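Here the structure is laid out as structure tokens; the discussion comes afterwards.
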Amino acid sequence: MAAFAAALFGCREAPATRPPNILLVIADDLGVDVTHAPDGHRLAVSTPNLDRLAATGVTFTRTWANPVCSPSRATMLTGRYAFRTGVTNAVKKGRPGLPVEEFTLPEALDLAPELGYAHAAFGKWHLGNQDVGGRRAPNVAGFSHFEGSMFGANPVKEPDVNGYFRWTHVTNGRTSLCEEYRATRTVDDALAWIDARSTPWFAWFGFSLPHVPLTPPPDSLHSGPRPAAGDPVSTFRAMVEAMDTELGRLLDGVDASGEPTTVIFIGDNGTDPVVLRASGDETGRGKGLPFEPGVHVPLFIAGHGVTTPGRTCDALTNTSDLFATILDLAGVPLETVRENARERTLDSISVMPHLASVDAPRTREYLFNEVVNQEAYTFRAVRDERYKLVRRRGLEMPREWLFDLSTDPAEANDLLAVEPTRAVTEIHARLTRHLESLIEAP
């Protein structure tokens with residue numbers, strides 16, 4: 001950890017002579033129920049490299065994603081909520097990918113050529129289909145280089161090979177069959193590209209772990225015995241350990257350069273409900289639903305730009321905020337981006353003030369997330385510092401839930417289930433107004 005901290009934080013003693021490298025790492029289906037699980041909990045996992053980021057950075061404790069991966073990734077890439085981009089559920093045949101008209105992070109970095117940023121994406125993409133570039137979708141979205149997989153690990157075997165040990169590897173649109181473990185090959189690809197850089201770089205790195213199919217990783221990547229056959233919890237824990245092990249190798253490679261670097265690690269949505277139920281959570285409110293286990297995700301930011309490392313921050317943060325934060329770190333003015341973003345509304349708010357100061361004022365008053373299953377149903381949720389409103393449209397009938405997260409973090413007590421008090425009615429009306437004004441805004 002000492003070498004890592006020295007390389008990433010040493011630049012604070014003297015002005016950096018170049019903008020920082022920026023590494024964005026996205027875990028697939030990893031909620032805070034894993035990374036913040038208390039010792040002894042069935043989902044508690046040894047993650048020394050996530051601990052390494054926590055010790056050398058800021059741990060954000062109230063970060064929301066969308067309940068499924070593609071919308072969250074689209075918000076990171078564009079700084080815009082899902083309903084604005086149209087990516088409101090997992091991208092697949094019949095559902096829209098990220099429109100080519102959207103203005104993305106790599107395109108925003110290109111607005112400042114004097115900074116010299118190179119950019120590339122590695123690992124799981126899951127924002128493209130034949131309508132938006134096919135296997136060249138990451139390049140169409142602005143990345144100069146892409147190596148990885150279009151959809152990540154998936155139980156469906158056709159039309160691609162989609163397992164962890166046998167999968168379709170894509171390099172800038174060209175495909176090949178890969179039989180190396182996904183996470184290991186993806187780290188190899190990223191390190192090879194990073195090692196060849198002579199200018200500042202931004203790398204988007206998407207793990208497929210720990211997404212289903214629940215598959216035991218190579219024994220060398222996790223501790224303890226091989227997971228028991230048919231045991232979702234032991235297999236999932238081993239997969240998280242494997243992710244952390246390969247994350248450590250990636251961080252070591254970045255550390256070796258000695259260049260100022262910021263590392264951002266985030267989950268794209270909550271943990272799979274199959275795993276949560278097997279761990280003793282009977283609600284099944286994990287990935288796919290806008291309740292806390294489906295949207296409350298880990299966020300660690302370490303390295304360049306961080307003061308007073310090793311602390312937590314409870315400011316409200318959203319996956320969309322990574323867009324403005326990364327541009328802030330790079331030195332690209334957000335106003336310049338707004339002028340070039342094709343007259344599109346940006347929802348992103350930089351968290352840089354929280355990296356720079358323990359006492360920074362709140363940057364957000366509300367958080368928002370959503371998931372839409374075409375015409376079948378729509379879930380949307382909004383929260384403030386204390387209260388959370390969940391709205392469902394479709395399915396059997398419309399419904400709403402209201403929770404006081406300060407006293408009921410497990411969302412067991414719906415304040416609308418009984419005759420609401422005047423105070424509850426006012427809270428409901430305020431959150432409703434914010435939600436409706438947001439959706440109606442251009």
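Membrane-span-like helices in the chain, defined purely by DSSP H runs whose alpha carbon atoms cover 18 Å or more axially and whose average Kyte-Doolittle hydropathy reaches 0.0, are 232-255.
Pairs of Lys residues in the chain that lie 8 or more places apart, or on two chains, and have C-alpha atoms under 27 angstrom apart add up to 10. At each listed q (0.13, 0.18, 0.23 Å⁻¹), what is the log10 of I(q)/I(0) that the Debye formula gives for the stretch 205-292 modelled as equal alpha-carbon point scatterers? Log-scaled intensity ratios, in q order: -0.52, -0.87, -1.15.
How do Y164, Y181 line up, fewest other C-beta atoms within 10 Å first? All intermediate terms of the calculation are to be shown ahead of the outcome.
Values: Y164 23, Y181 20.
By the 10 Å Cβ count, ascending, the order reads Y181, Y164.
For the stretch 99-209, the square roots of the Cα gyration tensor eigenvalues, ordered a ≥ b ≥ c, give a/c of at least 1.5 with a/b no greater than b/c, which places it in the oblate category.
Proximity of backbone amide H atoms, modeled 1.01 Å from N, is registered between H119 and S144, F202 at under 5 Å, excluding neighbours fewer than 5 places apart on the same chain. Using a Förster distance of 41 angstrom, determine the FRET efficiency expected from the C-beta separation of E385 and E339, and round it to 0.05. About 0.80, to the nearest 0.05.
Dividing the helix sum by the residues of the chain, where each DSSP H run of 4 or more adds -39500 (n - 2.57), gives a mean residue ellipticity at 222 nm of -8500 deg cm²/dmol.
Model label points for S144 and T363, set 7 angstrom from Cα along the Cα-to-Cβ axis, are 2.6 nm apart. Using the Cβ of P48 as centre and a radius below 13 Å, the other residues enclosed give a net charge of -3, where K and R count +1 and D and E count -1. Simple spin-label estimate for E436 and T175 gives 4.8 nm between the two label positions (7 Å along the Cα-to-Cβ direction from each Cα). Across all Cα pairs in the stretch 375-440, the calculated P(r) in 10 Å bins from zero up to the longest distance comes to 20, 53, 26, 1 percent per bin.
The chain: Rg/Rh from Cα coordinates, Kirkwood Rh? For the chain, the value is 0.94. Each part reduced to its alpha carbon centroid, the stretch 325-367 and the stretch 273-293 end up 32 Å apart. Ranked by the mean number of other Cβ atoms within 10 Å of their residues, highest first, the peptides 200-211, 142-153, 105-116 come out as 200-211, 142-153, 105-116. Based on Cα contacts under 8 Å between residues 6+ apart, the chain shows a relative contact order of 24 percent.
Bear in mind that the values in this text are calculations on the coordinates, not laboratory data. Note that the structure is a prediction, hence the values are computed from the model and not measured. Backbone-built Cβ (ideal geometry, glycine too); neighbour counts: all protein chains shown.
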